[in-house]
1. Kindly express, to the nearest 10 degrees and within the range 0 to 90, the angle between helix 289-299's C-alpha long axis and the longest C-alpha principal axis of the chain.
2. Tell me, what is the FRET efficiency for Glu300 and Leu196 to the nearest 0.05, using R0 = 51 angstrom and their Cβ-Cβ distance as r?
3. Determine, for each peptide in 268-277, 70-79, the mean count of other beta carbons within 10 angstrom over its residues, then list the peptides with the highest first.
4. Once the piece of chain linking Ala272 and Ala245 is laid out straight, how much longer is it, given 0.36 nm per residue of separation minus the C-alpha distance between them?
5. Roughly what would the spin-label model give for Leu163 and Ser88, points 7 Å off Cα along C-beta, in nm?
6. In the chain, what % of DSSP beta bridges are antiparallel (nearest 5)?
7. Take the solvent-accessible surface of the protein heavy atoms, probe 1.4 Å, and return the percent of it on the chain that carbon and sulfur atoms account for.
8. Report the gain in length on full extension from Arg28 to Arg216: 0.36 nm times residue separation, minus Cα-Cα distance, nm rounded to one decimal.
Amino acid sequence: MNFQIGVDGGGTKTECILVDAQGAVVARHLGPGCNPSIVGPEQARLIITDALCALRDQSKIQNQKSKISATRLFMAGAAGFWQELAESLADFGHLRADADSLPVLELATDGKPGLVLHAGTGSFVAARGPDGAVHYAGGIGWRFGDSGSGYELGRRAVARGLLELQGWQPPTRLATLVRDCTQLGAEADAGAITRLFYQHPEPNWIVAGLAPAVMRLAAEGDNTALTLAVDSAAELLALAMRVAAKLFPNTPLDTVRAGLSGALLTHPAIAAALAPRAPFGLTPITEAPIEGVRRILAREPA
(Lines give C-alpha, C1' and ligand atoms only; values in the text may rest on other atoms or scores of the structure.)
Protein backbone atom coordinates (compact mmCIF):
# COMPACT_ATOMS: atom_id res chain seq x y z
CA MET A 1 0.00 0.00 0.00
CA ASN A 2 1.17 3.52 -0.80
CA PHE A 3 1.04 6.29 1.80
CA GLN A 4 1.46 10.05 1.50
CA ILE A 5 2.71 12.68 3.93
CA GLY A 6 1.29 16.19 4.08
CA VAL A 7 2.81 19.05 6.08
CA ASP A 8 1.37 22.41 7.09
CA GLY A 9 4.34 24.43 8.30
CA GLY A 10 4.03 27.95 9.69
CA GLY A 11 5.46 30.32 12.22
CA THR A 12 3.78 28.81 15.28
CA LYS A 13 3.58 25.09 14.51
CA THR A 14 4.46 22.32 12.06
CA GLU A 15 1.62 19.83 11.61
CA CYS A 16 2.12 16.59 9.69
CA ILE A 17 -0.23 13.81 8.63
CA LEU A 18 0.25 10.43 7.00
CA VAL A 19 -2.67 9.30 4.83
CA ASP A 20 -3.44 6.00 3.15
CA ALA A 21 -4.57 5.44 -0.42
CA GLN A 22 -8.16 6.33 0.50
CA GLY A 23 -7.12 9.66 2.06
CA ALA A 24 -7.71 8.54 5.65
CA VAL A 25 -5.28 9.84 8.29
CA VAL A 26 -3.33 7.01 9.89
CA ALA A 27 -0.72 9.04 11.83
CA ARG A 28 -0.14 12.62 13.00
CA HIS A 29 2.76 14.64 14.35
CA LEU A 30 2.86 18.17 15.77
CA GLY A 31 6.09 20.14 16.06
CA PRO A 32 7.22 23.73 16.65
CA GLY A 33 7.05 26.47 14.02
CA CYS A 34 9.46 26.12 11.11
CA ASN A 35 9.24 29.39 9.15
CA PRO A 36 12.90 30.01 8.18
CA SER A 37 12.32 33.75 8.32
CA ILE A 38 11.63 33.36 12.04
CA VAL A 39 13.70 30.41 13.29
CA GLY A 40 16.48 30.55 10.71
CA PRO A 41 17.26 28.14 7.86
CA GLU A 42 19.21 25.56 9.90
CA GLN A 43 16.58 25.30 12.62
CA ALA A 44 13.82 25.11 10.00
CA ARG A 45 15.64 22.25 8.28
CA LEU A 46 16.07 20.42 11.60
CA ILE A 47 12.42 20.85 12.60
CA ILE A 48 10.97 19.56 9.35
CA THR A 49 13.43 16.65 9.10
CA ASP A 50 12.69 15.58 12.68
CA ALA A 51 8.95 15.87 12.05
CA LEU A 52 9.05 13.72 8.91
CA CYS A 53 11.17 11.06 10.60
CA ALA A 54 8.90 11.02 13.66
CA LEU A 55 5.83 10.57 11.48
CA ARG A 56 7.44 7.80 9.46
CA ASP A 57 8.58 5.99 12.60
CA GLN A 58 5.17 6.39 14.22
CA SER A 59 3.48 4.85 11.19
CA LYS A 60 5.61 1.68 11.40
CA ILE A 61 5.83 1.39 7.61
CA GLN A 62 8.43 -1.33 7.50
CA ASN A 63 7.32 -4.09 5.16
CA GLN A 64 8.28 -4.01 1.50
CA LYS A 65 4.66 -3.88 0.34
CA SER A 66 4.09 -0.50 2.04
CA LYS A 67 5.92 2.71 1.25
CA ILE A 68 5.68 6.49 1.36
CA SER A 69 5.14 7.41 -2.27
CA ALA A 70 4.91 11.20 -1.96
CA THR A 71 5.33 14.07 0.49
CA ARG A 72 3.74 17.50 0.01
CA LEU A 73 5.09 20.45 2.00
CA PHE A 74 2.80 23.49 2.36
CA MET A 75 5.14 25.95 3.97
CA ALA A 76 5.39 29.55 5.13
CA GLY A 77 8.54 31.48 4.33
CA ALA A 78 11.03 31.44 1.47
CA ALA A 79 9.73 29.23 -1.35
CA GLY A 80 13.25 28.69 -2.74
CA PHE A 81 14.49 27.37 0.60
CA TRP A 82 11.68 24.82 0.86
CA GLN A 83 12.05 23.64 -2.72
CA GLU A 84 15.80 23.15 -2.22
CA LEU A 85 15.11 21.25 1.01
CA ALA A 86 12.52 19.05 -0.70
CA GLU A 87 15.02 18.13 -3.40
CA SER A 88 17.61 17.15 -0.78
CA LEU A 89 15.47 14.75 1.27
CA ALA A 90 15.35 11.01 0.65
CA ASP A 91 13.16 8.14 1.85
CA PHE A 92 9.93 10.15 1.71
CA GLY A 93 8.88 9.47 -1.87
CA HIS A 94 8.44 12.24 -4.38
CA LEU A 95 8.73 15.56 -2.52
CA ARG A 96 7.11 18.80 -3.57
CA ALA A 97 7.04 22.17 -1.77
CA ASP A 98 4.10 24.57 -2.16
CA ALA A 99 2.83 27.72 -0.47
CA ASP A 100 0.97 27.50 2.83
CA SER A 101 -1.94 29.35 1.22
CA LEU A 102 -3.10 26.29 -0.76
CA PRO A 103 -4.66 24.32 2.14
CA VAL A 104 -6.99 27.17 3.18
CA LEU A 105 -7.82 27.83 -0.48
CA GLU A 106 -8.77 24.16 -0.74
CA LEU A 107 -11.05 24.48 2.29
CA ALA A 108 -12.71 27.56 0.80
CA THR A 109 -13.24 26.29 -2.75
CA ASP A 110 -13.04 22.47 -2.74
CA GLY A 111 -10.58 22.69 -5.61
CA LYS A 112 -12.93 24.81 -7.72
CA PRO A 113 -12.59 28.46 -8.82
CA GLY A 114 -12.87 30.96 -5.98
CA LEU A 115 -10.82 32.72 -3.36
CA VAL A 116 -9.96 32.88 0.32
CA LEU A 117 -9.05 35.75 2.62
CA HIS A 118 -6.68 34.67 5.39
CA ALA A 119 -5.51 36.66 8.40
CA GLY A 120 -3.28 35.30 11.11
CA THR A 121 -0.06 36.96 12.23
CA GLY A 122 0.20 37.90 8.54
CA SER A 123 -2.45 38.00 5.81
CA PHE A 124 -3.01 37.16 2.16
CA VAL A 125 -5.61 36.52 -0.52
CA ALA A 126 -5.33 33.29 -2.51
CA ALA A 127 -7.49 32.54 -5.53
CA ARG A 128 -8.06 29.88 -8.14
CA GLY A 129 -9.16 31.27 -11.49
CA PRO A 130 -11.60 29.72 -13.98
CA ASP A 131 -8.63 28.11 -15.76
CA GLY A 132 -7.47 26.41 -12.55
CA ALA A 133 -4.40 28.63 -12.12
CA VAL A 134 -3.67 29.67 -8.53
CA HIS A 135 -2.92 33.31 -7.72
CA TYR A 136 -1.58 35.00 -4.57
CA ALA A 137 -2.05 38.60 -3.46
CA GLY A 138 -0.77 40.48 -0.42
CA GLY A 139 1.30 38.55 2.08
CA ILE A 140 4.04 41.16 1.76
CA GLY A 141 5.01 40.97 5.42
CA TRP A 142 4.67 43.06 8.54
CA ARG A 143 7.05 45.76 7.38
CA PHE A 144 4.89 46.68 4.42
CA GLY A 145 1.28 46.05 5.32
CA ASP A 146 -0.58 42.75 5.59
CA SER A 147 -3.97 44.39 6.11
CA GLY A 148 -6.28 42.45 8.40
CA SER A 149 -3.40 40.60 10.03
CA GLY A 150 -2.60 40.36 13.72
CA TYR A 151 0.39 42.60 13.26
CA GLU A 152 -1.56 45.26 11.40
CA LEU A 153 -4.29 45.27 14.03
CA GLY A 154 -1.69 45.56 16.78
CA ARG A 155 0.03 48.39 14.90
CA ARG A 156 -3.23 50.31 14.67
CA ALA A 157 -3.86 49.75 18.38
CA VAL A 158 -0.40 51.06 19.31
CA ALA A 159 -0.85 54.14 17.10
CA ARG A 160 -4.23 54.93 18.62
CA GLY A 161 -3.03 54.22 22.17
CA LEU A 162 -0.05 56.54 21.80
CA LEU A 163 -2.25 59.39 20.57
CA GLU A 164 -4.53 58.84 23.56
CA LEU A 165 -1.56 59.01 25.92
CA GLN A 166 -0.46 62.22 24.22
CA GLY A 167 -3.92 63.64 24.82
CA TRP A 168 -4.93 63.99 21.17
CA GLN A 169 -7.60 61.28 21.16
CA PRO A 170 -10.32 60.59 23.73
CA PRO A 171 -9.07 58.03 26.28
CA THR A 172 -10.17 54.42 25.82
CA ARG A 173 -9.00 51.07 27.15
CA LEU A 174 -6.55 50.83 24.24
CA ALA A 175 -4.12 53.22 25.92
CA THR A 176 -4.01 51.00 29.00
CA LEU A 177 -3.66 47.90 26.83
CA VAL A 178 -0.68 49.35 24.97
CA ARG A 179 1.01 50.54 28.14
CA ASP A 180 0.51 47.18 29.85
CA CYS A 181 2.06 45.23 26.99
CA THR A 182 5.32 47.17 27.38
CA GLN A 183 5.58 46.35 31.12
CA LEU A 184 6.96 49.85 31.73
CA GLY A 185 4.52 50.57 34.54
CA ALA A 186 1.42 52.70 34.98
CA GLU A 187 3.36 55.97 34.80
CA ALA A 188 4.93 55.31 31.39
CA ASP A 189 4.13 58.07 28.90
CA ALA A 190 3.90 58.02 25.11
CA GLY A 191 7.57 58.92 24.72
CA ALA A 192 8.81 56.03 26.85
CA ILE A 193 6.55 53.55 25.09
CA THR A 194 7.63 54.80 21.66
CA ARG A 195 11.30 54.44 22.59
CA LEU A 196 10.73 50.86 23.72
CA PHE A 197 9.17 49.86 20.41
CA TYR A 198 11.91 51.50 18.37
CA GLN A 199 14.73 50.06 20.47
CA HIS A 200 13.35 46.54 20.94
CA PRO A 201 15.13 43.90 18.76
CA GLU A 202 11.83 42.22 17.76
CA PRO A 203 9.01 44.75 18.19
CA ASN A 204 6.85 43.04 15.56
CA TRP A 205 6.11 40.15 17.92
CA ILE A 206 5.00 42.48 20.71
CA VAL A 207 2.80 44.39 18.28
CA ALA A 208 1.24 41.25 16.76
CA GLY A 209 0.68 39.86 20.25
CA LEU A 210 -1.75 42.70 20.97
CA ALA A 211 -4.28 41.46 18.42
CA PRO A 212 -6.10 38.91 20.64
CA ALA A 213 -6.45 41.51 23.42
CA VAL A 214 -7.83 44.08 20.96
CA MET A 215 -10.38 41.53 19.77
CA ARG A 216 -11.38 40.83 23.39
CA LEU A 217 -12.05 44.53 23.86
CA ALA A 218 -14.11 44.54 20.67
CA ALA A 219 -16.14 41.55 21.89
CA GLU A 220 -16.78 43.38 25.17
CA GLY A 221 -18.32 46.30 23.31
CA ASP A 222 -15.36 48.66 22.90
CA ASN A 223 -16.32 50.52 19.71
CA THR A 224 -12.83 51.94 19.14
CA ALA A 225 -11.25 48.48 19.18
CA LEU A 226 -13.97 47.12 16.89
CA THR A 227 -13.53 49.99 14.44
CA LEU A 228 -9.77 49.38 14.25
CA ALA A 229 -10.32 45.69 13.53
CA VAL A 230 -13.03 46.25 10.92
CA ASP A 231 -11.05 48.98 9.13
CA SER A 232 -8.00 46.73 8.91
CA ALA A 233 -9.99 43.73 7.67
CA ALA A 234 -11.83 45.93 5.16
CA GLU A 235 -8.53 46.73 3.45
CA LEU A 236 -7.91 43.02 2.94
CA LEU A 237 -11.44 42.66 1.58
CA ALA A 238 -10.77 45.51 -0.87
CA LEU A 239 -7.73 43.61 -2.16
CA ALA A 240 -9.82 40.46 -2.52
CA MET A 241 -12.42 42.38 -4.50
CA ARG A 242 -9.75 43.63 -6.92
CA VAL A 243 -8.46 40.08 -7.33
CA ALA A 244 -11.96 38.73 -7.98
CA ALA A 245 -12.80 41.46 -10.50
CA LYS A 246 -9.64 40.70 -12.47
CA LEU A 247 -9.89 36.91 -12.39
CA PHE A 248 -13.66 36.64 -12.94
CA PRO A 249 -14.50 39.51 -15.35
CA ASN A 250 -17.35 37.61 -16.99
CA THR A 251 -18.77 35.97 -13.88
CA PRO A 252 -21.32 37.51 -11.49
CA LEU A 253 -19.28 37.95 -8.33
CA ASP A 254 -22.15 36.87 -6.13
CA THR A 255 -21.65 33.37 -7.57
CA VAL A 256 -17.93 33.21 -6.75
CA ARG A 257 -16.91 31.02 -3.79
CA ALA A 258 -15.11 33.01 -1.08
CA GLY A 259 -13.91 31.94 2.35
CA LEU A 260 -12.69 33.70 5.49
CA SER A 261 -9.78 32.02 7.26
CA GLY A 262 -8.02 32.78 10.53
CA ALA A 263 -9.23 33.80 13.98
CA LEU A 264 -9.38 37.51 13.16
CA LEU A 265 -11.55 37.28 10.04
CA THR A 266 -13.79 34.52 11.36
CA HIS A 267 -14.53 36.46 14.55
CA PRO A 268 -18.33 36.92 14.45
CA ALA A 269 -18.15 40.71 14.74
CA ILE A 270 -15.63 41.04 11.90
CA ALA A 271 -17.37 38.55 9.62
CA ALA A 272 -20.68 40.33 10.18
CA ALA A 273 -19.14 43.73 9.41
CA LEU A 274 -17.51 42.51 6.19
CA ALA A 275 -20.54 40.64 4.81
CA PRO A 276 -22.53 43.67 3.54
CA ARG A 277 -19.40 45.18 1.96
CA ALA A 278 -18.52 42.13 -0.13
CA PRO A 279 -19.90 41.45 -3.64
CA PHE A 280 -19.59 37.72 -2.92
CA GLY A 281 -20.72 35.59 -0.01
CA LEU A 282 -18.11 35.14 2.71
CA THR A 283 -18.07 31.73 4.37
CA PRO A 284 -16.03 31.42 7.59
CA ILE A 285 -13.71 28.41 7.53
CA THR A 286 -13.90 26.47 10.78
CA GLU A 287 -11.59 23.57 9.88
CA ALA A 288 -7.84 23.64 10.48
CA PRO A 289 -5.47 24.05 7.50
CA ILE A 290 -4.22 20.48 7.95
CA GLU A 291 -7.68 19.30 6.84
CA GLY A 292 -7.10 21.23 3.63
CA VAL A 293 -3.79 19.38 3.28
CA ARG A 294 -5.61 16.07 3.71
CA ARG A 295 -8.16 16.98 1.05
CA ILE A 296 -5.44 17.95 -1.44
CA LEU A 297 -3.69 14.62 -0.86
CA ALA A 298 -6.96 12.74 -1.29
CA ARG A 299 -7.89 14.65 -4.44
CA GLU A 300 -4.45 14.39 -6.02
CA PRO A 301 -3.17 10.91 -5.09
CA ALA A 302 0.44 10.12 -5.88
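The values are calculated or read from the model by the stated rules, or taken from the named source; none is laboratory data. Keep in mind it's a predicted model, so treat the numbers as computed, not measured. All Cβ positions, glycine included, derive from the backbone under ideal geometry; neighbour counts span all protein chains shown. Side chains are part of the model used for accessible areas, which takes the heavy atoms of the whole protein and leaves out ligands, DNA and RNA. Shrake-Rupley method; radii C 1.70, N 1.55, O 1.52, S 1.80 Å.
1. Here the helix axis deviates by roughly 30 degrees.
2. Working: r = 48 Å, r/R0 = 0.95.
After rounding to 0.05, the efficiency reads 0.60.
3. Values: 268-277: 14.6, 70-79: 22.0.
Averaged packing, sorted descending, gives the order 70-79, 268-277.
4. On the way: separation 27, 0.36 × 27 = 9.72 nm, distance 2.22 nm.
Taking Ala272 through Ala245 to full extension adds about 7.5 nm, to one decimal.
5. 4.8
6. Values: 24 of 45 bridges.
Beta bridges within the chain, antiparallel portion: roughly 55 percent.
7. Details: 7680 of 14490 Å².
With neighbouring chains kept in place, the figure for the chain is 53 percent.
8. Result for the pair: 64.5 nm of gain on full extension.
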